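The values are calculated or read from the model by the stated rules, or taken from the named source; none is laboratory data. What you see is a predicted model, and the numbers here were worked out from it, not measured in a lab. When we count neighbours, we look across all protein chains shown, and the Cβ atoms used for this are built from the backbone with ideal geometry, even at glycine. For the accessible areas, the whole protein counts, side chains as well, though only heavy atoms, and no ligand, DNA or RNA atoms are used. Shrake-Rupley method; radii C 1.70, N 1.55, O 1.52, S 1.80 Å.
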Amino acid sequence: MRHFSPLKLAGAVAAGLAVTFFVMNRPLTAPLPNTVQIADMTWVEVRTALEHGFTTVIVPSGGIEQNGPHMIVGKHDHIVKHAAERIAGELGKTLVAPVISYVPEGAYDPPTGNMRFPGTIGVSEPVYAGIVEGIARSLKAGGFRTIVFIADHGGSQAPQAETIARLNAEWAGKGVRLIHGDAYYSDAAQIALLLKQGETRAAIGQHASLIDTSELMAVNPRGVDLGRLAGLKLTMQTTGIVGDPARASAERGKELLEMRIRAAVQQIRAAMPTQ
């Protein structure tokens, strides 16, 4: 058995404590992550991205709702997540927050809107507005300077816009800007294109029809089965569809999504604070 003198023992203890102190107080570091999805990063990687100028973040909002017998209830989530990543890539130095899945879908009792169909999960407009506000305040506290909300669902637009306007007024002069990316949701240009291609306004419809079915086919083809439409009367009451998705295709979806993405990028760039 080896014996240490008190002096040597004290020196060894001091050296050990010094190493421990150094390790415990060494700054945490991480390389710049190879993803734009915040949910797939550690907090240290998010901080690294912020330090490298990734101070813009997109918050996509989807929805869990009925989309006819041919499309999954998570349609909005899949489409808006894909679009948000594309928009972030176009803008550069932009991260993407997780998709908000729970959005206004109608009243509960008696059920209205999409709440009349099993599988739909909705929240009230005040609850959704509170979610938007909480996310915005969280991202501001984390160091983001430009926070962009894009919603793939119509019922989300008004409470989102109102919350963003209120927070922008509260944060005026504090170097943080919220953007309501409503240009992403507008389908006027898409409808004009489809009409030019020979489709009727009735066929284009408003819900679970030609546009959104094509978009989901482009980003998640397994979420669509047009064969389930055979022989059905396509009405909101009987199927949850307003329009005719029979002529939907992935090719059309890619073209229609490109229009949304271009419009969103243009709007966001115009609204971003000058450096």
Under 20 Å between alpha carbons, and skipping anything fewer than 8 positions from residue 75 in its own chain: which lysines qualify?
254
Suppose every K and R has +1 on its Cβ and every D and E has -1 on its Cβ; what is the size of the dipole of the stretch 40-121 about the Cα centre, in Debye to the nearest 20?
120 debye
Given +1 on the Cβ of Lys and Arg, -1 on the Cβ of Asp and Glu, and no further charges, what dipole in debye does the stretch 131-213 carry about its Cα centre, rounded to the nearest 20?
400 debye
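So, with +1 on the Cβ of K and R and -1 on the Cβ of D and E, and no other charges, what is the size of the charge dipole of the stretch 98-253 about its Cα centre, to the nearest 20 debye?
I would put it at about 280 debye.
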Count the DSSP beta bridges whose two residues both fall in the chain, then state the antiparallel fraction as a percent rounded to the nearest 5.
20 percent
Which net charge results for the neighbourhood of residue 116, defined as the other residues with beta-carbon distances under 14 angstrom from its beta-carbon, given Lys and Arg at +1 and Asp and Glu at -1?
-3
Cα Rg, Dmax, the stretch 54-182, angstrom units
15.1, 49
Projecting the Cα atoms of 46, 92, 31 onto the charge dipole of the chain, where Lys and Arg contribute +1 and Asp and Glu -1 at Cβ, the residue farthest towards the positive end is 31
Mean residue ellipticity (222 nm) of the chain, computed from DSSP H runs ≥ 4 via -39,500 (n - 2.57), nearest 500
-15000 deg cm²/dmol
Calculate the radius of gyration of the Cα atoms of the stretch 106-262 to one decimal place, then report Dmax, the largest Cα-Cα distance, as a whole number, both in Å.
18.3, 59
For a protection proxy built on the mean count of beta-carbon atoms within 10 angstrom, sort 147-153, 244-250, 264-270 highest first, please.
147-153, 244-250, 264-270
Top positive-direction residue, dipole computed over the chain with Cβ charges, set 200, 261, 231
261
Enter the accessible area of residue 90 (Å², nearest 10), with the probe set to 1.4 Å and all protein chains included.
90 Å²
Counting only DSSP beta bridges fully inside the stretch 44-154, the antiparallel percentage to nearest 5 is 15 percent
Probe 1.4 Å, all protein chains in place: accessible area of residue 78 in Å², nearest 10?
80 Å²
Taking every pair of alpha-carbon atoms in the chain, what share in percent sits in each 10 Å bin, from 0 to the bin with the longest distance?
6, 25, 28, 18, 9, 5, 4, 3, 1, 0
Folded to 0 to 90 degrees: helix 6-25 orientation relative to the chain principal axis, Cα:
20 degrees
How large, in percent, is the carbon and sulfur part of the accessible surface of the chain at a probe radius of 1.4 Å?
59 percent
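How much net charge surrounds residue 152 when only other residues with a Cβ under 14 Å from its Cβ are counted (Lys, Arg +1; Asp, Glu -1)?
-4
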Which lysines does residue 140 reach when only Cα atoms under 16 Å apart count, and residues fewer than 8 places away in its own chain are ignored?
174
Quick check for you: with a 1.4 Å probe and neighbouring chains kept, what is the accessible area per residue of the stretch 155-202, in Å²?
50 Å²
Length gained when the stretch residue 197-residue 254 is fully extended (0.36 nm per residue, less Cα-Cα span):
19.0 nm
